[in-house]
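In what follows, a structure is listed as structure tokens, so that the remarks can point back to it.
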Amino acid sequence: MIETVSIGDAELEVMDRGSGPVILFVHGFPLDHTMWLELTESLTASFRTIVPDLRGFGKSSVTPHRVSMEQYADDLQRLLTVLDCRDPVTFCGLSMGGYIAWQFQKRYPELVGSLILCDTRAAGDSDEIMRARLIMAARVEREGTGFIPAALLPKLFSESTCDRREDLIENARRVILRNSPEGIAAAQRGMARRPDVTERLAEIDVPALLLCGVDDVISPPAEMREMAALMPRAELVEIPDAGHMAPVENPQAVADALRSFLEQVSGD
Ligand code: MLT
């Protein structure tokens, strides 16, 4: 079921399906909840999947200028409260969704039973990446979203997905184009200021599954391997035939990894 949930100063669109242990799925940039559709379809028989559009994306309301990773984390805590989820959940975030997961786990550790971190980073931005984010933020506010697909899609998907899965690329293009320029700019400014959490990884003592597309060029497998090695209860699974958008490019392999991780966690 898709519903609009008021969390105080914003309205979030959320898809809430299935029953059982809760998995909260948090999309990457500059996408929306639809990136999780195929993956979550196969999970709703065993889990309650809560899949929101973050503030400023999809049909959720927009807060202009800058939204921090902490603010998105607070929004998700409020969303879970409104949806009456008071027990620990599995937080599954992709890329920017992972940056938000670090902040959510820090602020609301009592709400995190386990973490699934897809194609994401713990490090902060280099000066060059930070500058590029601020330039994109200003440009999208001036010109709209039209220039973004050509700039981002070849980095989000593997070369082979770009060649062979025009349907996936087209979907992502449509989602990016219909997102709000102000929402995209606000997220870029928020990501540019996000903290480096590498030092904290050793303290994140919950079961964690790190997933990475073998051809991910934004958060490459070598970097995610190092992150997993620093986390006391983490394992890394590399997803074949996938780049940065592993859950979209190879949902079957991601669903298999996720199920076997959650079975193991529930048996602990
Ligand atoms: C994402 O997929 O969310 C982005 O690659 C995050 C980023 O721009 O760092």
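Taken together, the criteria exclude Met231 from residues that are among the hydrophobic types (A, V, I, L, M, F, W, C) and closer than 21 Å to Ile129 by Cβ. Filtering the range 202-224 to residues that are surrounded by 14 or more Cβ atoms within 10 Å (Cβ to Cβ) and in a helix (DSSP H, G or I) leaves Pro221, Glu223, Met224.
Take Val89 and tell me if it is open to solvent by less than 10 Å² (accessible area, probe 1.4 Å) and away from the ligand (no atom under 16 Å from the Cβ). The answer is yes for Val89.
Inside the range 15-28, residues that are more than 17 Å from Val254 (Cα to Cα) and crowded, with 23+ Cβ neighbours inside 10 Å make up a count of 0. Within the range 103-139, the set of residues being open to solvent by less than 60 Å² (accessible area, probe 1.4 Å) and more than 13 Å from the ligand (Cβ to nearest atom) comprises Gln103, Phe104, Gln105, Tyr108, Leu111, Val112, Gly113, Ser114, Leu115, Ile116, Ala138.
The values are calculated or read from the model by the stated rules, or taken from the named source; none is laboratory data. Bear in mind that the values here come from a model prediction, so they are computed numbers and not experimental data. As a convention, Cβ positions derive from the backbone with ideal geometry for all residues, glycine included, and neighbour counts pool all protein chains shown. Calculation scope for accessible area: heavy atoms of the full protein, side chains included, ligands and nucleic acids excluded. Shrake-Rupley method; radii C 1.70, N 1.55, O 1.52, S 1.80 Å.
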